[in-house]
1. Here are Val136, Val153: which of them is touching a residue at least 40 places away in the same chain (Cβ under 8 Å), in a helix (DSSP H, G or I) and either more than 30 Å from Thr222 (Cβ to Cβ) or not assigned by TED's automatic domain parsing to the domain that holds Lys31 (or both)?
2. Can you go through Leu88, Leu63 and tell me which one is assigned by TED's automatic domain parsing to the domain that holds Ala135 and under 18 Å from Ala149 (Cβ atoms)?
3. Find the residue count for the stretch 215-255, including only residues that are modelled with pLDDT under 85, over 22 Å from Ala93 (Cβ atoms) and of a type in the set (Ser, Thr, Tyr).
4. Looking at the stretch 103-125, which of its residues are of a type in the set (A, V, I, L, M) and buried (at least 19 other Cβ atoms within 10 Å of the Cβ)?
5. Within the stretch 162-202, which residues are at pLDDT below 80 and either surrounded by 13 or more Cβ atoms within 10 Å (Cβ to Cβ) or in contact with a strand residue (DSSP E or B) (Cβ under 6 Å, 6 or more places away or on another chain) (or both)?
Amino acid sequence: MFYSAGMDGLSIGAESGKRFSLAAKIETLQKDIGYHFSDTQLLERALTHASLSKTHNQRLEYLGDALLGLVISDCLYSHHVNLSEGILTRQRAFLVSKATLLNLANRLKLHLYVRVGGSIGGAIPDSILADTIEAVFAAIYLDAGLTRAKQAVVHCYETYVGRDFLDVVAKDSKTLLQEFCQKHGYALPFYEYVQSPVPPSKQFTVRLTISDLTLAVESQATSKRQAEKMAAAQLLKQLEETGTGDYGSDQSRRS
């Protein structure tokens, strides 16, 4: 049995404040995270805050933070083979940020499962929820190894962001490029659609230029939006390589 008696001083959940059996809920949580534990005591520890017990999740949080950084880095590196280190670093920072982790935790409704002591009054703090999701990933790693933990991480991120969660880096590239132009007083990026010579085509070609600069790129994808994002990422790569507007040095300082 995952959950046992002895709930004195325990506050579980923020919605009702009422005690309930964690065992009755745990199957839903395991389904939502895409993994069923062999050793459910690992999951119990991952959901236990230091305010409740000496057997808590802080060491798991430490391990989960490193694990998440590795898994997300590996996914980005494999998925975006042409993007620079600076852009990959920026996107990893977004995907492992406390804000993103909190959104993941809220999606999984971890506030219904986290076990905290009576000193935590009212709603469970966001920081506890964000840390708990890291602890859960670490618990999966200890229970089944790196490959299975990576699968669970990808599953949870897809649930929150969508199946193209790794393409958030390209979405952000358009914003980064626009911010760069505004910072240095350049004309805003201009996206022009190049008609395919063999209609109807399943590919969209976008030519991206900045009138104040001599840089230009073309990118092709199955949607106009994706073609724009890819073009922006390529032009950012050119800016970084040439050091235009000190873009490359700016990225190095931020990395």
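The values are calculated or read from the model by the stated rules, or taken from the named source; none is laboratory data. Just so it is clear, the structure is predicted and the values come from calculations on it, not from any experiment. Note that each Cβ is placed from the backbone with ideal geometry, even for glycine, and that neighbours are counted across all protein chains shown.
1. Just a single option satisfies the conditions, and that option is Val136.
2. Leu63
3. Residues flagged as modelled with pLDDT under 85, over 22 Å from Ala93 (Cβ atoms) and of a type in the set (Ser, Thr, Tyr) within the stretch 215-255 amount to 4.
4. Leu104, Ala105, Leu108, Leu110, Val114, Val116, Ile124
5. Within the stretch 162-202, Asp167, Val168, Val169, Ala170, Lys171, Asp172, Ser196 meet the criteria.
Yes or no, residue by residue, for (1) acidic (Asp, Glu); (2) surrounded by fewer than 15 Cβ atoms within 10 Å (Cβ to Cβ); (3) closer than 30 Å to Ser219 by Cβ:
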position: Tyr62; (1), (2), (3): no, yes, no
position: Ala66; (1), (2), (3): no, yes, no
position: Val71; (1), (2), (3): no, no, yes
position: Ser78; (1), (2), (3): no, yes, yes
position: Val81; (1), (2), (3): no, yes, yes
position: Leu95; (1), (2), (3): no, no, yes
position: Ala99; (1), (2), (3): no, yes, yes
